[in-house]
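A.B. asks: I have a structure here, written as structure tokens, and I will follow up with some questions on it.
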Amino acid sequence: MLLYWLRNRRRRKLLERPFPARWTDYLTANMGHYAALDERERAALHQLVQVFVAEKHWEGCGGLELTDEMRVTIAGQACLLILGHDHDLYRRVETILVYPSTVVPTRPTLALGAHDYSPMPVLGEAHLQGPVILAWDAALRGGLNPRDGRNLVYHEFAHKLDMLDGSADGAPALASHEQYRRWAEVCAREYDALQRAVARGRRTFLRDYGATNEAEFFAVATEHFFEQPRAMRRKHAALYDLLRDFYRQDPATRDLRRRATRR
């Protein structure tokens, strides 16, 4: 209890400081979805970002010198996922390693049940009991292009949400047996359909990487949910509703509201 009290006290003092104007500029310039948020949502995102930047251990790798712009750009995208919750969902995210570009791990990787000792380039990784690894150029590219269905930060931090219950199985921690039952029913149907379509060479709305396993399916579905919400609601209504209830956000409605405001 003392640790929680100290943490909450530290956060309250942190949030007494105004959100830096330059940080708002970074989010406006580098995070396409920031413009779609209303005033209340932006205020909530600012608080999440302040805590996230301060509490996580950030490390530039491969010669990269980390800047506030990099931290805030990554934090803004990561915290969008938990905008309907609170920072506690990222309690197991401790370290974020940022490389300038594609990462080539020097350690062996596990592929198809066997150790593969040939290094393979990756844009990002999320480790069950370890760091999130991101390539900065890909993280920035995902933020700048909010509609292509691809966002590295959303993908890797969706994995971290999935891992919160101790395993990467495509089912994040849910509140009730009924929610787990519904999650299993909808995701199993959608995942099987995607696997069949990919095996037959058919074009799919959900990116075919989602057919790799259930964990990648959840991460890919999360990318589409935030990046292409209206199309997802139209093409995969049950899956959209499932993610809307989990994330406690309705990005399709948010997108329509933004379009109406722009007119």
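The values are calculated or read from the model by the stated rules, or taken from the named source; none is laboratory data. In this text the structure is predicted, and so the values were computed from the model without any measurement. So basically every Cβ, Gly included, is an ideal-geometry build from the backbone, and we count neighbours across all protein chains shown.
A.B. asks: Sort out for me the helices (runs of 4 or more DSSP H) sitting completely within region 10-92 that have 2 or more residues that are out of contact with any Phe, Trp or Tyr (no Cβ under 9 Å at 6 or more places or on another chain) and free of Cβ contacts under 8 Å to residues at least 24 places away in the same chain.
C.D. replies: Correct list: 21-30, 39-55.
A.B. asks: Within region 240-252, is there a residue that is under 24 Å from LEU80 (Cα atoms), touching a residue at least 12 places away in the same chain (Cβ under 8 Å), surrounded by fewer than 19 Cβ atoms within 10 Å (Cβ to Cβ) and over 18 Å from the mean Cα position of the chain (by Cα)?
C.D. replies: For region 240-252, residues under 24 Å from LEU80 (Cα atoms), touching a residue at least 12 places away in the same chain (Cβ under 8 Å), surrounded by fewer than 19 Cβ atoms within 10 Å (Cβ to Cβ) and over 18 Å from the mean Cα position of the chain (by Cα): absent.
A.B. asks: Is one or more of the residues making up region 189-196 crowded, with 16+ Cβ neighbours inside 10 Å and assigned to a loop (DSSP other than H, G, I, E, B)?
C.D. replies: No, every residue in region 189-196 fails to be crowded, with 16+ Cβ neighbours inside 10 Å and assigned to a loop (DSSP other than H, G, I, E, B).
A.B. asks: Residues that are small (Gly, Ala, Ser), farther than 21 Å from PRO146 by Cβ and touching a Gly at 6+ places or on another chain (Cβ under 6 Å): which helices (runs of 4 or more DSSP H) entirely in region 207-247 hold 1 or more of them?
C.D. replies: Ranges flagged: 214-227.
To keep it simple, each residue is scored yes or no on (1) surrounded by fewer than 16 Cβ atoms within 10 Å (Cβ to Cβ); (2) of a type outside the set (Lys, Arg); (3) closer than 29 Å to PRO251 by Cβ.
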residue: ARG9; (1), (2), (3): yes, no, no
residue: TRP23; (1), (2), (3): no, yes, yes
residue: LEU27; (1), (2), (3): no, yes, yes
residue: HIS33; (1), (2), (3): no, yes, yes
residue: LEU37; (1), (2), (3): no, yes, yes
residue: GLY63; (1), (2), (3): yes, yes, no
residue: ASP68; (1), (2), (3): yes, yes, yes
residue: VAL72; (1), (2), (3): no, yes, yes
residue: GLY84; (1), (2), (3): no, yes, yes
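A.B. asks: Return only the number of the condition from (1) of a type outside the set (D, E, K, R); (2) more than 19 Å from LEU206 (Cβ to Cβ); (3) at pLDDT 95 or above that CYS187 does not satisfy.
C.D. replies: (2)
A.B. asks: With surrounded by fewer than 13 Cβ atoms within 10 Å (Cβ to Cβ) and farther than 30 Å from ALA44 by Cα as the only criterion, which of ARG200, ARG234, ARG207, ARG259 stands out?
C.D. replies: Details: ARG234 fails: farther than 30 Å from ALA44 by Cα; ARG207 fails: surrounded by fewer than 13 Cβ atoms within 10 Å (Cβ to Cβ); ARG259 fails: farther than 30 Å from ALA44 by Cα.
After applying the criteria, what remains is ARG200.
A.B. asks: Have a look at TRP183, TRP136 and point out the one that is closer than 18 Å to GLY32 by Cβ and among the aromatic types (Phe, Trp, Tyr).
C.D. replies: TRP136
A.B. asks: Would you point out the residue of region 1-45, among those that are hydroxyl-bearing (Ser, Thr, Tyr) and within 23 Å of the chain's Cα centre (by Cα), that is farthest from ALA139 (Cα to Cα)?
C.D. replies: Restricting to residues being hydroxyl-bearing (Ser, Thr, Tyr) and within 23 Å of the chain's Cα centre (by Cα), the top hit is THR24.
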